[in-house]
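Computed from the coordinates by the stated procedures, all read-outs in this text should not be read as laboratory data. Since the structure is predicted, the reported quantities are computational estimates derived from the model, not experimental observations. Glycine also receives a Cβ, built like all others from the backbone with ideal geometry; neighbour counts cover every protein chain displayed.
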Amino acid sequence: MKSMIDIYDLLKKHGTFIYTGDRIGDLLLIEDEIREYYKSQVLDIKDYQTALLIIRGEIRKLETKEN
């Protein structure tokens, strides 16, 4: 897992599509979904941690851009 595209592909593979029109809100929902995948043992620890870092980096970029 290297980018948001990989995360979107993972979500799509499991039939999950998230779009609310609020980019930060979408990212937070995606983060919750990734947590659920990890709890359900769909993701291993490495992919879980990498996905969270990517998502949080995207959120930081958006928050910086807004200010």
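Given Lys13/Lys39; Lys2/Lys65; Lys12/Lys65, which pairs have Cα atoms separated by over 19 Å?
Long pairs (Cα-Cα over 19 Å): Lys2/Lys65; Lys12/Lys65.
Please work out how much length the chain gains when fully extended from Met4 to Lys46, using 0.36 nm per residue of separation minus the C-alpha to C-alpha distance, in nm with one decimal.
Working it through step by step, the gained length comes to 13.6 nm.
Rounded to the nearest 500 deg cm²/dmol, what is the calculated helix-only ellipticity per residue at 222 nm for the chain, with -39500 (n - 2.57) per DSSP H run of length n ≥ 4?
Roughly -24500 deg cm²/dmol at 222 nm, from the helical runs in the chain.
Quick one: if you stick a label point 7 Å off each Cα along the C-beta vector at Lys39 and Thr20, how many nm between them?
1.7 nm
Match the structure shown to one of the listed values [x] 16, 14, 11; [y] 20, 13, 10; [z] 18, 13, 11 of semi-axes √(5λ) of the Cα gyration tensor in Å, computed from it, and give that label.
So the calculated entry is the one marked [y].
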